[in-house]
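Here is the structure we will look at, set down as structure tokens.
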């Protein structure tokens, strides 16, 4: 449009005054167009910002919901773990009560099984090892049998309390100088036990030691 005006002026088809007037109008129109474009651009920018803000809000809400859910799951897992721990403790207590202190005085009844590793070792053990074991318990009954290759012996112990039982389980007395030669003979014989004495009930103790082949072991004099 401006180029056409310039051309018209050169050809003297329009006066300068008319041309200036047209130019002012064009400039005014251009400003309005520019202003509209700027407003539209600003509006578009605002809309984009609002969309972005809404999107971020949705993400935050989702994350908060996930965290809350995760917290609930963690609490649930902790509760289940506590429940399992309590159940495990109850089972252990029941096991101790079943195997452990079965008399009013708090005595401990226990049993171990000895498997002999060579012929004739039963007699050696009866003479030397059983009396030593008896010294560290309140009572001991040995019940030999011909089961297995070279025979075996079920031993029924009575300990006055948990402390005496645990001391026997530790077996420090087997390392004493006077006892070591007998332990060497035990090792040579290839005999072995079931890892006892294991706790049993008073009823099992009475029934076991009451069999005909069982004999009370006496302490060494």
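The values are calculated or read from the model by the stated rules, or taken from the named source; none is laboratory data. Keep in mind that this is a model prediction, so the values were computed, not measured. Note: ideal-geometry Cβ built from the backbone for every residue, glycine included; neighbour counts use all protein chains shown.
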Practice item. Take the residues in region 155-173 that are touching a residue at least 40 places away in the same chain (Cβ under 8 Å) and part of a helix (DSSP H, G or I), then tell me which one is farthest from residue 211 (Cα to Cα). Key: 173
Check your understanding: Within the group 195, 120, which residue is touching a strand residue (DSSP E or B) at 6+ places or on another chain (Cβ under 9 Å) and surrounded by fewer than 19 Cβ atoms within 10 Å (Cβ to Cβ)?
Key -> 195
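Give 128, 141, 136 a once-over and let me know the one that is modelled with pLDDT of 90 or more, within 16 Å of residue 217 (Cβ to Cβ) and within 40 Å of the chain's Cα centre (by Cα). Can you show your working first?
Values: 128 fails: within 40 Å of the chain's Cα centre (by Cα); 141 fails: within 40 Å of the chain's Cα centre (by Cα).
When all the criteria are applied, what remains is 136.
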